[in-house]
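Chemist: The following block contains the structure, expressed as structure tokens.
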Amino acid sequence: MISVADAFAITQQHLLTLPTETVPLPLANGRVLRDAVRADRDFPPFDRVAMDGIAIRFADYAAGQRTFAVAGIQRAGQPQQTLAEANSCLEIMTGAMLSIGADTIVRYEDVNITDGQATVTIDDVQPGQHIHPQATDRRAGDELLSLGMRLGPPELAVAASVGQITVHVTALPRVALISTGDELIDIADTPLPYQIRRSNTYMLRAALGSLGIDASLHHIIDDEAILADQIAGLLAANDMLILSGGVSAGKADFVPAVLAQLGVQKHFHKIEQRPGKPLWFGSTPTKTVFALPGNPVSTVLCAYRYVLPYLRASLGLPTQATRYAQLAEQVVFKPAITYFLPVRLTSEPDGRTLAHPLPGSGSADFANLLAADAFMELPADRSEFGAGEAFQIWETR
Ligand SMILES: Nc1nc2c(c(=O)[nH]1)N[C@H]1C(S)=C(S)[C@@H](COP(=O)(O)OP(=O)(O)OC[C@H]3O[C@@H](n4cnc5c(N)ncnc54)[C@H](O)[C@@H]3O)O[C@H]1N2
Ligand code: MOO
Ligand SMILES: [Mg+2]
């Protein structure tokens, strides 16, 4: 058996190599950028009026002028106008290009307009007020979005503003999720007394969905020949297989033997951890297989602790910031293995995040996870963990 840290490191040494693809911008949410995006113009591209009102020359105001003849109206989306005469103004709208000759905006709230004359009613007008000067935010040619960034709402807005009709992103892997087990039936069926409905692959599909991956669902019975035949087909058609069940010590646990028979090289089987001890990980030169223990809490833990970080790294995303929380109460766990404790998180007024233990009744108690927000990783070399001590957490929401 190997440690959690070693197992994690081994998975990260066998990342998928995923090609780049071009996708239309509206379909790029959540995808990972493979080409930097630069500003085609300054941000903002012109001296942008920031308030609806009148545009004046500050020198006129400074000289005591308070009433200005309204020479016209300039709305956003109209070409730039010129403030031709001294002591005149233009009505001007938010988003318009500042008129030539004007340098200051006075809001409508601070002006009375009657009979084509605008009278400023305040005494604290500042030179250049309510103007968002050209290039204050970014300059033409600046790198706005960098390689490896995940495209979310703000990134898509920036990409749209520079005319990026399509973007180059990491292609998503083809992933097959495979439940195994004679006791498992389809969710639409009614179980006999010794049967249960399969649930693990639905959890996995949702977890992978958080990375935009649209994984396919499969089920195979506990028959060595049928497993070999169907896994071979799925291996050929996908970049990655995630199996659930059949990896422990039982008479129907054929998965490791079948994967070996199909030429998938094993990198490890079994980790010093609870839950999820029998996790199996292997690869071929171009494909990856995670065979997760069938107990549902083990499946969830292995997904969040190993599979999702593996996929994030394969997609080219930066490593997620490590998150910590403080134990709300003392926990004792004697075995010399890493204990992943389900916890509910609360955010305290003093800024701390507290982790409230939800041990549940073991690795088959998946209903317990309904109340949990994370697993807390309690290190293998200790057996008592005090209230207030901080440990790493792996969030499941
Ligand atoms: N003698 C030993 N027995 C077991 C050991 C061991 O070391 N020695 N390890 C235990 C641990 S730890 C785990 S975890 C489980 C792992 O079992 P398998 O990966 O072989 O999974 P199965 O035997 O197929 O099923 C276990 C359990 O999980 C349920 N299951 C499986 N798939 C699904 C699914 N898709 N949806 C819902 N539930 C599922 C299945 O019905 C079983 O109850 O082995 C221990 N045993
Ligand atoms: O991994 Mo098993 O979940 O320790 O029961
Ligand atoms: Mg088993």
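Chemist: Can you tell which of Leu308, Leu235, Leu90 shows the greatest fluctuation in a Gaussian network model of the chain with Cα springs below 10 Å?
Modeler: Highest fluctuation among the options: Leu90.
Chemist: Rounded to the nearest 5, what % of DSSP beta bridges with both residues in the chain are antiparallel?
Modeler: On the way: 54 of 81 bridges.
Roughly 65 percent of the DSSP beta bridges within the chain come out antiparallel.
Chemist: Starting from segment 240-324, pick out the trypsin sites (Lys or Arg not before Pro) whose DSSP state is loop and whose Cβ has at most 14 other Cβ atoms within 10 Å. Mind showing how you got there, number by number?
Modeler: Numbers: sites: Lys251, Lys266, Lys270, Lys287, Arg305, Arg312, Arg323; in loops: Lys251, Lys270, Lys287.
Here the sparse-neighbourhood loop sites are Lys251.
Chemist: In whole Hz, with x marking every Gly and Pro, tabulate ³J(HN,Hα) for segment 180-191 from phi via Karplus 6.51 cos²θ - 1.76 cosθ + 1.60, θ = phi - 60°.
Modeler: 10, x, 5, 7, 9, 10, 5, 5, 7, 9, 9, x
Chemist: So for each of 171-184, 350-363 I average, over its residues, the number of other beta carbons within 10 Å; can you give me the resulting order with the highest mean first?
Modeler: Numbers: 171-184: 20.8, 350-363: 15.2.
Answer by packing, highest mean first, reads 171-184, 350-363.
Chemist: In addition: Compute the FRET efficiency between Ala59 and Asp137 as 1/(1 + (r/R0)^6), taking r as their Cβ-Cβ distance and R0 = 22 Å, and round to the nearest 0.05.
Modeler: Details: r = 28 Å, r/R0 = 1.26.
Calculated value: 0.20.
Chemist: Follow-up question, since we're still on this one. At a threshold of 8 angstrom on Cα-Cα distance, excluding pairs fewer than six apart, so keeping six or more, what relative contact order does segment 48-132 reach in percent? Provide the component values of the computation, followed by the final result.
Modeler: On the way: 200 pairs, mean separation 34.5, N = 85.
Relative CO of segment 48-132 lands at 41 percent.
Chemist: Test of understanding: extend the Cα→C-beta vector of Asp115 to 7 Å, then name every residue of segment 64-104 with backbone N under 15 Å from that spot.
Modeler: 67-70
Chemist: Under the rule of -39500 (n - 2.57) per DSSP H run of 4 or more residues, summed and divided by the residues of the chain, what mean residue ellipticity at 222 nm is obtained, to the nearest 500 deg cm²/dmol? Don't jump to the answer; show the numbers that get you there.
Modeler: On the way: 8 runs with 69 residues, N = 397.
My calculation for the chain gives -5000 deg cm²/dmol from helical runs alone.
Chemist: Expected output is a single nm value to one decimal: the length gained when fully extending between Ala225 and Asp182, i.e. 0.36 nm times separation in residues minus the C-alpha distance. What is it?
Modeler: Values: separation 43, 0.36 × 43 = 15.48 nm, distance 1.41 nm.
My answer for the length gained is 14.1 nm.
Chemist: Counting DSSP beta bridges in segment 48-132, what percent are antiparallel, to the nearest 5?
Modeler: On the way: 17 of 22 bridges.
Just about 75 percent of them are antiparallel.
Chemist: Kirkwood-based Rg over Rh for segment 323-395 (C-alpha set), two decimals?
Modeler: 0.95
Chemist: Right, another one. Whole number in Å², please: accessible area per residue of the chain, 1.4 Å probe, ligands, DNA and RNA not counted.
Modeler: Working: 18940 Å² over 397 residues.
That works out to 48 Å² for each residue.
Chemist: OK, next. Counting only protein heavy atoms, what percent of the accessible surface of the chain is carbon or sulfur at a 1.4 Å probe? Show your work: numbers first, answer last.
Modeler: Values: 9800 of 18940 Å².
Roughly 52 percent of what the probe reaches on the chain is carbon or sulfur.
Chemist: Another one. Any idea what the relative contact order of segment 323-395 is, in percent, if you count C-alpha pairs under 8 Å spaced at least 6 apart?
Modeler: In percent, rounded to a whole number, it is 47.
Chemist: Further, regarding this structure: Within segment 187-247, which trypsin sites (Lys or Arg not before Pro) sit in a loop by DSSP and count at most 13 neighbouring Cβ atoms inside 10 Å? Before the final figure, lay out the partial values.
Modeler: Working: sites: Arg197, Arg198, Arg205; in loops: Arg198.
Passing both the DSSP loop test and the Cβ count: no residue.
Chemist: Which FRET efficiency value, to the nearest 0.05, do you get for Ala237 and Gln12 by plugging their Cβ-Cβ distance into 1/(1 + (r/R0)^6) with R0 = 25 Å?
Modeler: 0.50
Chemist: Quick one: which residues, 5+ away or cross-chain, put their amide H under 5 Å from the amide H of His267? H built at 1.01 Å from N.
Modeler: Correct list: Phe281, Gly282, Ser283.
The values are calculated or read from the model by the stated rules, or taken from the named source; none is laboratory data. Quick caveat, the model's predicted, so the values are computed rather than measured. Every residue, glycine among them, receives a Cβ derived from its backbone with ideal geometry; neighbour counts consider all protein chains shown. In case anyone asks, the SASA skips ligands and DNA or RNA and just uses the protein heavy atoms, side chains included. Shrake-Rupley method; radii C 1.70, N 1.55, O 1.52, S 1.80 Å.
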